């Protein structure tokens, strides 16, 4: 019986993709807080790392605050150059309700952590289900990047954030830490973060392909896309977030990319998933059909959560 066992996921994204020691320190901080680290990834051209953790809600919250302190102490965005959009050293911090949790619980966790991060001196923007009203997008918050924080007219009104001030009386949004920027803290469901590498076309053509695929361009529901050139790796990729992989088949998206790229004289070279795999890609057959690199059962989120719950159940005796 698993009654009483609750599992919260956090997927912090950091603006540091070239220092493996930093990523190890973040993973250690979550581990010391009582979390299980499921996966870490980093990319030098994105200059970004992503850490996926699960655990009891309070452990995940405490680990997230410790990770925010590490980002504040070790990352200076004034020296940061990467192809991925960002506004913060700890750029994005989503909470995902898993076993025994509702979205409301994840929203409350996001709010608690957001206020704790604001108290250490870094401003916070709430997004997705944690914003007020719900639905604030990352694209809107990150428009113009770190360099535009506090400068864009109407940014505060666009945020539609929770009212509140930190321990120094500062409003949670509308300003930026000079080195650490701001943190986007959210609550959302499980999504698929993935990149498809393409060859045989230039960056501008890839941008048009990405624009046609995304939801706002009349493409797939819940799909967010960017076309990025990774110069040091000589790679061109369509980077994507699919907000509901249970409702929109990733395989169908992949096949659409193949068709569009092939018609333009290019080819798909492979696919990488950032973080964990949703159930939509839980078989080797599905992975092969999408030319997915590094597939393994250990990266299937639902299986890792089940194993985590079983381990905690055994620990309870």
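The values are calculated or read from the model by the stated rules, or taken from the named source; none is laboratory data. Note that the coordinates shown come from a computational prediction; the quantities given were computed from them, not determined experimentally. Note: ideal-geometry Cβ built from the backbone for every residue, glycine included; neighbour counts use all protein chains shown.
Every residue, every condition in (1) over 23 Å from residue 15 (Cα atoms); (2) at pLDDT 95 or above, yes or no:
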position: 164; (1), (2): yes, no
position: 170; (1), (2): yes, no
position: 175; (1), (2): no, no
position: 185; (1), (2): no, yes
position: 193; (1), (2): no, yes
position: 196; (1), (2): no, yes
position: 223; (1), (2): no, yes
position: 226; (1), (2): no, yes
position: 230; (1), (2): no, yes
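Filter region 65-93 for residues that are in contact with a strand residue (DSSP E or B) (Cβ under 7 Å, 6 or more places away or on another chain) and more than 15 Å from residue 182 (Cβ to Cβ); which is surrounded by the most Cβ atoms within 10 Å (Cβ to Cβ)?
The extreme case among them is 67.
Give region 244-272 a look and list any residue that's surrounded by fewer than 18 Cβ atoms within 10 Å (Cβ to Cβ) and touching a helix residue (DSSP H, G or I) at 6+ places or on another chain (Cβ under 8 Å), or say none.
Within region 244-272, 246, 249, 251, 256, 264, 267 qualify.
Please tell me if residue 63 is farther than 29 Å from residue 145 by Cα and in a helix (DSSP H, G or I).
Numbers: farther than 29 Å from residue 145 by Cα: no; in a helix (DSSP H, G or I): yes.
Considered against the rule, which asks whether it is farther than 29 Å from residue 145 by Cα and in a helix (DSSP H, G or I), residue 63 comes out as no.
So is residue 100 under 18 Å from the mean Cα position of the chain (by Cα) and modelled with pLDDT of 95 or more or not? Give the steps one after another, and end with the answer.
Details: under 18 Å from the mean Cα position of the chain (by Cα): no; modelled with pLDDT of 95 or more: yes.
No.
Residues checked against (1) in contact with a strand residue (DSSP E or B) (Cβ under 9 Å, 6 or more places away or on another chain); (2) assigned by TED's automatic domain parsing to the domain that holds residue 96; (3) touching a residue at least 12 places away in the same chain (Cβ under 8 Å):
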| site | (1), (2), (3) |
| --- | --- |
| 240 | yes, no, yes |
| 245 | yes, no, yes |
| 260 | no, no, yes |
| 263 | no, no, no |
| 278 | yes, no, yes |
| 290 | yes, no, yes |
| 293 | yes, no, yes |
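Determine which member of the set 98, 77, 70, 90 is outside the structural domain of residue 234 (by TED's automatic domain parsing) and closer than 21 Å to residue 278 by Cβ. So that I can check it myself, show each step before the final result.
On the way: 77 fails: closer than 21 Å to residue 278 by Cβ; 70 fails: closer than 21 Å to residue 278 by Cβ; 90 fails: closer than 21 Å to residue 278 by Cβ.
The match here is 98.
Just one of the numbered conditions (1) without any contact (Cβ under 8 Å) to a residue 40 or more places away in the chain; (2) more than 19 Å from the chain's Cα centre (by Cα) is not true of residue 227; which one?
If we test residue 227 against (1) without any contact (Cβ under 8 Å) to a residue 40 or more places away in the chain; (2) more than 19 Å from the chain's Cα centre (by Cα), just (2) comes out false.
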